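Novice: This is the structure, below, for whatever I ask next.
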Amino acid sequence: MPEQKPHALVSLERIENAIHTIRGERVILDEVLASLYGVTPKRLNEQVKRNIARFPSDFMFRLSNDEYEILKSQFATSRSGWGGKRKLPSAFTEHGAVMAASIVNTPKAVEMSIFVVRAFIRLRQVLASHRGLADKLAELEKKLDTHDHQIGAIFEALRQLMLPPEKPRKEIGFKVKEKAAVFGNQRRKLIDE
């Protein structure tokens with residue numbers, strides 16, 4: 001991977017922080033995209049409106065009032081300007097952000113669209129690694145649950161072995177009686193004689 005310029009790293013981090021998940025899609029809002037591309041949000045939205053056929057719903061969508069309020073509450077931002085925003089912001093997916101760069105067509109937009117795509121790709125990689133880690137943790141948890149159950153069974157068996165028997169056991173083995181011992185001695189005498 002080629003070495004990136006210091007301003008590129010800052011831009012990439014800035015872009016990553018500006019990407020949100022809305023309606024199950026990772027998106028970047030029109031205000032942020034416009035500032036990255038070096039145009040006003042009004043100019044960006046005008047260009048999008050003139051080229052609306054290039055922006056199907058999986059490239060761009062307008063936020064609902066509820067979605068916008070939730071976003072505002074997350075960042076604790078107040079409305080800017082006199083009457084605040086007159087229109088709800090548009091949210092651009094990765095493909096929509098690239099398409100927006102092509103219709104704005106400024107040198108800065110072309111350069112920044114590369115960073116936007118890199119930010120989306122890096123987020124996708126991070127999410128994939130988190131998903132892989134979550135799968136491994138779930139698998140380990142299942143193993144531990146199984147092992148815990150098996151270890152518990154071993155401890156229970158050991159406890160049962162340590163308990164005294166319920167009734168005394170009969171002694172096992174051979175017992176020597178006195179008569180047998182005497183008989184054994186007489187037999188030795190006979191053999192010795």
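Novice: Run down A109, A101, A97, A119 and say which single residue is at pLDDT 80 or above, among the aliphatic types (A, V, I, L, M) and in contact with an Asp or Glu (Cβ under 6 Å, 6 or more places away or on another chain).
Specialist: Testing whether each residue is at pLDDT 80 or above, among the aliphatic types (A, V, I, L, M) and in contact with an Asp or Glu (Cβ under 6 Å, 6 or more places away or on another chain) leaves just A119.
Novice: I would also like to ask the following. Can you name the residue in the range 17-44 that is among the hydrophobic types (A, V, I, L, M, F, W, C) and not in a helix (DSSP H, G or I) and is also farthest from the chain's Cα centre (by Cα) among such residues?
Specialist: V39
Novice: Going through the range 112-126 one residue at a time, which ones are buried (at least 16 other Cβ atoms within 10 Å of the Cβ) and over 16 Å from the mean Cα position of the chain (by Cα)?
Specialist: Step one: of the range 112-126, the residues buried (at least 16 other Cβ atoms within 10 Å of the Cβ) are 112-113, 115-120, 123.
Scanning the range 112-126 gives M112, S113, F115, V116, V117, R118, A119, F120.
Novice: If I ask for residues that are of a type in the set (S, T, N, Q) and either exposed (fewer than 15 other Cβ atoms within 10 Å of the Cβ) or closer than 15 Å to G38 by Cα (or both), which ones from the range 86-106 would you list?
Specialist: S102, N105, T106
Novice: Checking L71 against (1) closer than 16 Å to L88 by Cα; (2) part of a helix (DSSP H, G or I); (3) among the hydrophobic types (A, V, I, L, M, F, W, C); (4) at pLDDT 90 or above, which test does it fail?
Specialist: The single condition L71 does not satisfy is (4).
Novice: Next question. Is at least one residue of the range 166-181 closer than 30 Å to V27 by Cα, at pLDDT 75 or above and not small (G, A, S)?
Specialist: No, because not a single residue in the range 166-181 is closer than 30 Å to V27 by Cα, at pLDDT 75 or above and not small (G, A, S).
Novice: Please find, among L29, L44, L12, the residue that is under 15 Å from L88 (Cα atoms), touching a helix residue (DSSP H, G or I) at 6+ places or on another chain (Cβ under 6 Å) and either surrounded by fewer than 18 Cβ atoms within 10 Å (Cβ to Cβ) or at pLDDT 90 or above (or both).
Specialist: The unique qualifying residue is L44.
Novice: Could I ask something else about it? Whether any residue in the range 127-148 is closer than 20 Å to I28 by Cα, under 25 Å from the mean Cα position of the chain (by Cα) and surrounded by 10 or more Cβ atoms within 10 Å (Cβ to Cβ) is what I want to check.
Specialist: yes
The values are calculated or read from the model by the stated rules, or taken from the named source; none is laboratory data. This is a predicted model, so every value here is computed, not measured. When we count neighbours, we look across all protein chains shown, and the Cβ atoms used for this are built from the backbone with ideal geometry, even at glycine.
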